[in-house]
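Heads up, the thing below is written out as structure tokens.
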Amino acid sequence: MSDEQRKKEIDEVTGVETTGHEWDGLKELNNPAPRWWLWVFYICIIWSIGYWVVYPSWPTLSGNTAGRFGWSSAQKLKEEQAKIADRQKVYLDRFEKASFDEIMNDEELYAFAMAGGAAAFKDNCATCHGSGGSGAKGYPNLNDDDWLWGGSIEDIYQTIMYGIRSGHDEERVSAMPAFGKDELLTRDEIAAVTNYVMSLSGEAEDEAGLGQGRTIFQDNCASCHGENGQGGRDFGAPNLSDDIWLYGGDRETIYETVYNARAGVMPTWEARLDNNTIRQLAVYVHQLGGGEEETVNVEQQQPDAGTDGVDTNAEPVEQPVDAIPGAADVIDAVNDSIQETQE
Ligand code: HEC
Ligand code: HEC
């Protein structure tokens, strides 16, 4: 159909010219676009020009046009973060100056520490220690009151700050000898002392050789693990009499520990987290369940100290931060702070 013919075709019913488009006998009338629609269309064009002037829009080789007022969503985020930091500053200033004692006795500061500690723990510690600090093989359970290096807030603070065998100058460090690999003891002697170690928590199956095992233990192990295997915190040597195991209490695992030693590494956080976050973490970990009042030294420990039957395989226990009085006021502010302080 030529243009000439199409223009001339008039719809019989309405008397309106058609566009010449036809579908199964239905023809399209050549009505003009509605006025309201056109207006919306023009307004959109004007709006887009205005937008382009005011906001960042066109891509350029070096980024994009900045717009009249230099607004950007990144800038807005920064401003909002600054607002959050301001809100936190009220607490942070007080927190920074407070001693651990003062924090524990101040509802608000305590809530601030717990909220910040919980968030920082999730981000940094849960990968190794489990989401509720319940631990895994080689990674101590932080919920129980069985401590390798000490369970006072100060002890925990030092552990987090400098790490264990972390390579930091102030690290906590000690090395259990690899008695088998380094040929300090024969296989038979290791088997005997393994049996003796199992007897300390009532697990030894055979009484035979316990005397020999005991002698080997006194000569080689007691200097770190204590006369009765009650552990020695100066060396981070676990209590071997409480049936709480870092690596495992079955015969093969103990044999392997004594043969090869383990030397678990806990990183130092000094360079990665700021001091306030580490203090929050120390309070949080201390409150997880096993916190101690003061640094306990080796002499004060009783052979059975800390046995509460806590199972290292227990389900993680989420600390109920919501239940802490005052927490609601500070919790939002803190959640964002962690990311900020890490930047
Ligand atoms: C890469 C794994 C890893 C990460 C991440 C990690 N830890 Fe540890 N942590 C360990 C290991 C392993 C030990 C035990 C070291 C040993 O054998 O003495 C340990 C020990 C500890 C102890 C000492 C427990 C005791 O019984 O004395 C505390 C407290 C602790 N970690 C807290 C933390 C906190 C808080 C964080 C997060 C900031 C953290 N850890 C992150 C691996 C880790
Ligand atoms: C220099 C101190 C030192 C001496 C000596 C020592 N240990 Fe240890 N032992 C440790 C430390 C530290 C650990 C913690 C594991 C690690 O990370 O190396 C440990 C861990 C263990 C464990 C693992 C406990 C668990 O909970 O899984 C066993 C078992 C053990 N030692 C037995 C012995 C026996 C048996 C001897 C003597 C033949 C001995 N140790 C001598 C320091 C020592």
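The values are calculated or read from the model by the stated rules, or taken from the named source; none is laboratory data. Here the structure is a predicted model, which means the values were calculated and not measured. For neighbour counting, all protein chains shown are included, and Cβ atoms are generated from backbone atoms with ideal geometry for every residue, glycine included.
Looking at the stretch 172-179, is at least one residue near ligand 2 (Cβ under 9 Å from one of its atoms) and either acidic (Asp, Glu) or not in a loop (DSSP other than H, G, I, E, B) (or both)? The answer is no; no qualifying residue exists.
Taking helices (runs of 4 or more DSSP H) that do not extend beyond the stretch 1-112, which have at least 1 residues that are at pLDDT 85 or above, surrounded by 10 or more Cβ atoms within 10 Å (Cβ to Cβ) and more than 57 Å from the chain's Cα centre (by Cα)? Before the answer, list the steps.
Values: elements: 3-8, 35-54, 73-97, 100-104.
Helices (runs of 4 or more DSSP H) meeting the threshold: none at all.
Residue under question is Glu270, and the condition is that it be touching an Asp or Glu at 6+ places or on another chain (Cβ under 9 Å) and not assigned by TED's automatic domain parsing to the domain that holds Gly132; does it hold? Considered against the rule, which asks whether it is touching an Asp or Glu at 6+ places or on another chain (Cβ under 9 Å) and not assigned by TED's automatic domain parsing to the domain that holds Gly132, Glu270 comes out as no.
Determine whether the stretch 41-53 contains at least one residue that is in contact with a strand residue (DSSP E or B) (Cβ under 6 Å, 6 or more places away or on another chain) and of a type outside the set (Asp, Glu). Can you show your working first?
Restricting attention to the stretch 41-53, the residues satisfying the condition of being in contact with a strand residue (DSSP E or B) (Cβ under 6 Å, 6 or more places away or on another chain) are none.
For the stretch 41-53, residues in contact with a strand residue (DSSP E or B) (Cβ under 6 Å, 6 or more places away or on another chain) and of a type outside the set (Asp, Glu): absent.
Here's the yes/no breakdown for (1) among the charged types (D, E, K, R); (2) crowded, with 18+ Cβ neighbours inside 10 Å; (3) touching a residue at least 60 places away in the same chain (Cβ under 8 Å); (4) more than 12 Å from ligand 1 (Cβ to nearest atom):
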position	(1), (2), (3), (4)
His225	no, yes, no, yes
Gly248	no, no, yes, yes
Arg251	yes, no, no, yes
Ala261	no, no, yes, no
Met266	no, yes, yes, no
Leu281	no, yes, yes, no
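For the stretch 157-190, the candidate set comprises residues that are more than 16 Å from ligand 1 (Cβ to nearest atom) and crowded, with 17+ Cβ neighbours inside 10 Å; within that set, the residue that is farthest from Gly236 (Cα to Cα) is Glu189.
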